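K.L.:
Dropping the structure in here first, questions after.
The values are calculated or read from the model by the stated rules, or taken from the named source; none is laboratory data. In this text, all values refer to a predicted model and were calculated from it rather than measured experimentally. Backbone-built Cβ (ideal geometry, glycine too); neighbour counts: all protein chains shown. Remember, those area values only see protein heavy atoms, side chains included, never the ligands or the DNA or RNA. Shrake-Rupley method; radii C 1.70, N 1.55, O 1.52, S 1.80 Å.
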Amino acid sequence: MILSGLEIEKNLGKNIIIEPFNRKQLNSNSYNVKLHNKLLVYKDKILDMKKPNEVEEIIIPKSGYELKPNELYLGRTLEYTNTKNYVPMIEGRSSIGRLGIFIHITAGFGDVGFAGYWTLEIFCIKPIIIYPEVEIAQLYYHTIDGEYEEYTSSKYQNNTDVQPSMLYKDFK
């Protein structure tokens, strides 16, 4: 089952941490998260799964930044989250999707115990101007049934910034 917004709020400080939290971003069954002002783009035309791929940092000015089609941008949420006893998930907001922006390509599924900032895989169909601190996605929470082990990835747990792929670590 998906938690209601009121249930998300009841769990704040216990099973769910969202920092900063703003009640205005709470929906009936989700919480809107904002885009940080930093993006990363891969420098190489061809990426290699077996090695770290070099990235370039872009700071989104308050006046906005134009995203180009067929370019993958990595962003992050402004909010730090930590989730216990629930499965956190992220989806782009429908208003964002209707502008042709994809917020996550394949990584909308979180893990019980994840702590950190959500890295967003941003891709657009048409050129579009984006702005820092726009409510870009929404977090929602599922209950989990049965015993489980909390997420403890050495790659992405307790991150403090946008994170490019660390798939290369799986090849070692």
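K.L.:
Counting only residues that are assigned to a strand (DSSP E or B) and touching a Leu at 6+ places or on another chain (Cβ under 8 Å), which one in region 60-75 is most open to solvent (accessible area, probe 1.4 Å)? Even if it seems obvious, please write down each step before you answer.
P.N.:
Keep residues of region 60-75 that are assigned to a strand (DSSP E or B), which gives 65-67, 73-75.
Now narrow it down to the ones that are touching a Leu at 6+ places or on another chain (Cβ under 8 Å): 65, 73-75.
Working: Y65: 65, Y73: 7, L74: 10, G75: 0 Å².
In this case the residue turns out to be Y65.
K.L.:
Okay, moving on. (1) open to solvent by less than 40 Å² (accessible area, probe 1.4 Å); (2) within 19 Å of Q157 (Cα to Cα); (3) among the hydrophobic types (A, V, I, L, M, F, W, C); (4) not in a loop (DSSP other than H, G, I, E, B): which one isn't true of L78, the others all being true?
P.N.:
It fails just one condition, (1).
K.L.:
Take the residues in region 108-136 that are open to solvent by less than 40 Å² (accessible area, probe 1.4 Å) and assigned to a loop (DSSP other than H, G, I, E, B), then tell me which one is farthest from N15 (Cα to Cα).
P.N.:
Here is the first cut: in region 108-136, the residues open to solvent by less than 40 Å² (accessible area, probe 1.4 Å) are 108, 110, 112-116, 118-122, 124, 128, 130, 132, 136.
Pick out the ones that are also assigned to a loop (DSSP other than H, G, I, E, B) and you get 108, 110, 112-114, 132.
Details: G108: 19, G110: 14, V112: 10, G113: 9, F114: 11, P132: 28 Å.
Out of the qualifying residues, it is P132.
K.L.:
In addition: From (1) in contact with a Gly (Cβ under 7 Å, 6 or more places away or on another chain); (2) within 13 Å of T119 (Cα to Cα), pick out the condition that doesn't hold for T77.
P.N.:
Single failed check for T77: (1).
K.L.:
Being under 30 Å from K62 (Cα atoms) and more than 16 Å from the chain's Cα centre (by Cα) narrows it down to one residue among G110, G146, G100; which is it? Walk me through how you get there before you give the answer.
P.N.:
On the way: G110 fails: more than 16 Å from the chain's Cα centre (by Cα); G146 fails: under 30 Å from K62 (Cα atoms).
Selected residue: G100, the only one of G110, G146, G100 that is under 30 Å from K62 (Cα atoms) and more than 16 Å from the chain's Cα centre (by Cα).
K.L.:
Still on this structure, please answer the following. I'd like the full set of residues that are polar (S, T, N, Q) and outside any loop (DSSP other than H, G, I, E, B), limited to region 137-172. Even if it seems obvious, please write down each step before you answer.
P.N.:
Taking region 137-172 and keeping what is polar (S, T, N, Q), we get 138, 143, 152-154, 157-160, 163, 165.
Correct list: Q138 only.
K.L.:
Considering only residues that are open to solvent by 50 Å² or more (accessible area, probe 1.4 Å) and within 30 Å of E150 (Cα to Cα), which ones fall in region 46-59?
P.N.:
Looking only at region 46-59, we keep the residues that are open to solvent by 50 Å² or more (accessible area, probe 1.4 Å), and these are 46-52, 54, 56-57, 59.
Within region 46-59, D48, M49, K50, K51, P52 qualify.
K.L.:
Of all residues in region 22-52, how many are at pLDDT 95 or above, of a type in the set (D, E, K, R) and farther than 16 Å from I103 by Cα?
P.N.:
First pass over region 22-52, keeping only residues at pLDDT 95 or above: 22-43, 46-52.
Within this subset, residues satisfying the condition of being of a type in the set (D, E, K, R) are 23-24, 34, 38, 43, 48, 50-51.
Restricting the remaining residues to those that are farther than 16 Å from I103 by Cα gives 23-24, 43, 48, 50-51.
Looking only at that region, the number is 6.
K.L.:
Tell me yes or no: at least one residue of region 87-100 is assigned to a strand (DSSP E or B) and either open to solvent by 60 Å² or more (accessible area, probe 1.4 Å) or under 26 Å from K43 (Cα atoms) (or both). If you could, list the steps in order and put the result at the bottom.
P.N.:
Keep residues of region 87-100 that are assigned to a strand (DSSP E or B), which gives 87-92.
Those still in the list that are either open to solvent by 60 Å² or more (accessible area, probe 1.4 Å) or under 26 Å from K43 (Cα atoms) (or both) too: 91-92.
Yes: one or more hits.
K.L.:
Could you say whether any residue in region 28-45 is in contact (Cβ under 8 Å) with a residue 24 or more places away in the chain, surrounded by 15 or more Cβ atoms within 10 Å (Cβ to Cβ) and assigned to a helix (DSSP H, G or I)?
P.N.:
Taking every residue of region 28-45 in turn, none turns out to be in contact (Cβ under 8 Å) with a residue 24 or more places away in the chain, surrounded by 15 or more Cβ atoms within 10 Å (Cβ to Cβ) and assigned to a helix (DSSP H, G or I).
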